[in-house]
Amino acid sequence: MELFFHFMEPGFQREEGLAVMNASEILTWKERALDELRAADSLQAVEAARIKYLGSKGMIRDIMAGLKEAPPEERPAYGKNANAFRVEVLALVNERKESFQAQASTGKAETFDYTLPGRWRGIGSLHPITAITEKIVAIFRTMGFTVASGPDIETTFNNFDALNTPAGHPSRDPQDTFYLDNGDVLRTHTSPVQVRYMQAHRPPVRIIAPGRCYRRDTPDATHSANFHQVEGLYVDRNVSLADLKGDLSYFAAKLMGPDIKIRFRPHFFPFTEPSVEVDFSCHVCGGKGCRVCKQSGWIEILGAGMVDPEVFKAVGYDPNEVTGYAFGMGIERIAMVLYGIQDIRHIYENDERFLAQFA
Ligand code: PHE
């Protein structure tokens, strides 16, 4: 049996007449009591510690009882430390109790009302750009297209040269295109994916390539320096403008509705010949003319054309063997037309009140 007592458990009873702690041990126990109080995580734990150290049968009683047994020369220090034990431990007991009581009255920590309804976090949904891109891709997949992609940072060869865009063409101007220090560019359209894909694959080719594009545009209601396109490319023997027209007619009906018609207007792109701009009949008025289509009955949707023989030469295809069509459409533009979005900036600001409308 141990002869010296230890204050290890609450309610520990010291046997009468056994040796007591000395003055410096009181300070050690004081620190332990304070640590225990700081660690107490509830009002109940603070009260338990109070009983253990300051209660009528607690450690303080034995400390006080030990005073008269301490050697006379140690008594002043013993008394002083005993008092410090009582005063400091009591102060911390009161402080901890008050803080738990304050928490309880403000409803934090200790109390929790289990009858409160849970917090509603809302269910997320696809961003309209993602949703439309997926829809477009899904339609072309049913037509036998596969998805291809390329990097946002492109060589000027892929973005311009191979696409038959001559030096000095306005689209190469640093006012319009973001150039990197090494001469590469942030791609200004998804057309360089055509180049990459044809360089890496023999014909026939039937791809769709969604992705981000960049132009030095000053942001306004219809312009953004960063936007999205979907590129299409179909190369085989005897691909004709009639294929382009037929495939885009089918696409328009699937995307906007069975009554949607398309029309071609002559245009110019360096990488297609002939080139066209493709309009869809207005889905709002059905072609009669309204505010959305500016009374014309038609809405400009995409650029397209027959792949220029120069592009085939640049990627190592023989223009006497194959022909092809290509098209590129702006996703933001389609989203704005489809949903009647007046300002392109809504699409990027991610205001939940805007996004929730597409959920
Ligand atoms: N790259 C063109 C643009 O960004 C669109 C396009 C793609 C036109 C393919 C013709 C063929 O405007």
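Miscellaneous remarks
- When the convex hull of its Cα atoms is projected in every direction, mean area for region 229-359 (nm²): 9.4
- Fraction of accessible area attributable to carbon and sulfur, the chain (%, probe 1.4 Å): 53
- Note on surface exposure: Tyr317, Tyr214, Tyr348 rank Tyr348, Tyr214, Tyr317 by accessible area, highest first, 1.4 Å probe.
- Temperature 25 °C, viscosity 0.890 mPa s: under these conditions the Stokes-Einstein estimate for region 128-358, based on its Kirkwood radius over C-alpha pairs, is 134 µm² per second.
- Dipole axis of the chain (+1 Lys, Arg; -1 Asp, Glu on Cβ), positive-most option in Ser42, Ala91, Ala356: Ala356
- Highest-first arrangement of 232-238, 327-333, where packing means the average Cβ count within 10 Å: 327-333, 232-238
- Mean accessible surface per residue for region 187-265, computed with a 1.4 Å probe while every protein chain stays in place, in Å²: 46
- Surface accessible to a 1.4 Å probe, per residue, for the residues of region 61-119, Å²: 70
- The chain: most fluctuating residue of Gln103, Gln342, Gln229 per GNM, C-alpha cutoff 10 Å: Gln103
- Here the simple spin-label model places points 7 Å from the Cα toward Cβ, and for Gln175 and Ala65 these points are separated by 9.8 nm.
- By the Cβ distance rule (another cysteine Cβ under 4.7 Å), the unpaired cysteines of the chain are Cys213.
- Estimated FRET transfer efficiency when R0 is 45 angstrom, pair Lys80-Thr106 (beta carbons, to 0.05): 0.70
- Entries of Lys30/Lys80; Lys135/Lys294; Lys254/Lys288; Lys261/Lys294; Lys30/Lys97; Lys261/Lys313 with Cα pairs more than 24 Å apart: Lys135/Lys294; Lys261/Lys313
- Nearest 10 degrees, 0 to 90: helix 128-142 Cα axis against the chain principal axis: 50
- Of Ile301, Ile60, Ile136, the one that fluctuates the most in a GNM where the chain has Cα springs shorter than 10 Å: Ile60
- Multiplying the residue separation of Ser125 and Gln342 by 0.36 nm and subtracting their alpha-carbon distance yields 76.0 nm.
- Long-range amide H partners of Gly289 with built H, under 5 Å: Gly297
The values are calculated or read from the model by the stated rules, or taken from the named source; none is laboratory data. As the structure is a prediction and not an experimental result, all values here were calculated from the model. Positions of Cβ are generated from backbone atoms using ideal geometry, with glycine treated the same way; all protein chains shown enter the neighbour counts. Keep in mind that these areas ignore ligands, DNA and RNA; they rest on the heavy atoms of the full protein, side chains included. Shrake-Rupley method; radii C 1.70, N 1.55, O 1.52, S 1.80 Å.
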